[in-house]
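Remarks on the structure that follows.
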Amino acid sequence: MAKVKPRVKVPKTASVNEVVTIKTLISHPMESGQRKDSKTGEAIPRKIINKFAASFNGEPVFMANMEPSVSANPYIEFQMRVPETGVVRFEWTDDDGSVYDLEKTITAA
Amino acid sequence: MTVTRREALGLAVGSVAALTTLRFTEPAFAAGDALQDAIMEFTGGAQPGDGDITIGAPEIAENGNTVPIEVSAPGAASIMLLATGNPSPGVATFHFSALSGAQEAKTRIRLAKTQDIIAVAKMPDGSAITTKRSVKVTIGGCGG
């Protein structure tokens, strides 16, 4: 299976209480469970990222529950208010229970 | 193996036709019930009304495998996206918090065919608002 690689775009600096745009993308096939193997005709089992969560210094910021209708390599963009300098933590949860994570620091001035 | 342009076209048209017949055999009301159930479960029984909620989507999506969608509902606690024409209507649910700069989100979704996208937003006071938008799909996603 292709390697799962999370990527995020977060500004390095922001002014206090500024609202910033955060873009996230994770490479993942998001197998819907609807497709069939072209050779054997058997259904390919569902395997998707079903949950995405972002937190800032431990406080929840944004959460998304995803269904098979979300495209492969799920892209999510949202807005965050930056109250202080801190760490944004991103977590993606796979159907098989694995969690992929990433952290980025924003310096508030 | 060589495939002429004519053969390739014929194949494509054939598979689209096969898909369409398959879908028409499903009872139409079953999908509607699943949709209504999903909305009611999300809102906790509140009937969604009109309000300040918008869906941004292309009018025509050439590739149903990845259709950019954005939803916005100022003040909402969470927003649910539904695709009425997909094998299962649920697409994604976004939850906002005090640190959310704006109650909006963008993502990319799969659409099996031309259909309506529905967004339902749950407000902090327990009420719900909804809107819908139709998207034409040239080539459907969701495999087949």
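Quick one: net charge of B:G56's neighbours, Cβ under 10 Å, K/R +1, D/E -1?
Numbers: positive: B:K106, B:R133; negative: B:E70, B:E104.
Summing Lys/Arg as +1 and Asp/Glu as -1 gives 0.
Under the rule a/c < 1.5 gives rounded, and otherwise a/b versus b/c splits prolate from oblate, where does segment B:95-136 land using the Cα gyration tensor? Kindly include the intermediate steps, with their values, before the conclusion.
Details: a/c = 3.64, a/b = 1.71, b/c = 2.12.
Because a/c hits 1.5 or more and a/b fails to exceed b/c, segment B:95-136 counts as oblate.
Taking trypsin sites (Lys or Arg not before Pro) as candidate sites, keep only those in a DSSP loop with at most 16 other Cβ atoms within 10 Å, then name the longest stretch of chain A containing none of them.
Numbers: sites that count: A:K3, A:K12, A:R35, A:K39, A:R46.
Maximal segment without exposed cleavage sites: A:47-109.
Determine the gain in length on full extension of the stretch B:K136-B:A98; use 0.36 nm per residue of separation and subtract their C-alpha separation, reporting nm with one decimal.
Working: separation 38, 0.36 × 38 = 13.68 nm, distance 3.58 nm.
Gain on stretching B:K136 to B:A98: 10.1 nm.
Where a Cα-Cα gap under 17 Å defines reach, which lysines qualify for A:K23, not counting those fewer than 8 residues away within the same chain?
List returned: A:K5, A:K9, A:K12, A:K51, A:K104, B:K106.
Net charge near A:W92, counting Lys/Arg +1 and Asp/Glu -1 over other residues with Cβ under 10 Å of its Cβ? Let's see the in-between values first.
On the way: positive: A:K51; negative: A:E91, A:D94, A:D101.
That works out to -2.
Could you tally the net charge around A:K51, taking each other residue with its Cβ under 15 Å from the Cβ of A:K51, Lys/Arg +1 and Asp/Glu -1? Display every interim value, and only then the final one.
Values: positive: A:R46, A:K47, A:R89; negative: A:E67, A:E91, A:D94, A:D95, A:D96, A:D101.
Within the 15 Å Cβ shell, the charges total -3.
Please compute the contact order of chain A in relative form: average sequence separation of alpha-carbon pairs under 8 Å and at least six residues apart, divided by the residue count, as a percent. Don't skip to the answer; put the middle values down first.
On the way: 249 pairs, mean separation 34.7, N = 109.
32 percent.
I'd like the projected area of chain A, averaged over all directions, using the convex hull of its alpha carbons. Report it in nm² with one decimal.
Numbers: hull surface 27.8 nm².
It is 6.9 nm².
Bear in mind that the values in this text are calculations on the coordinates, not laboratory data. Predicted, not measured: the structure shown is a model, and the values here were computed from it. Cβ atoms come from the backbone with ideal geometry, glycine included; neighbour counts cover every protein chain shown.
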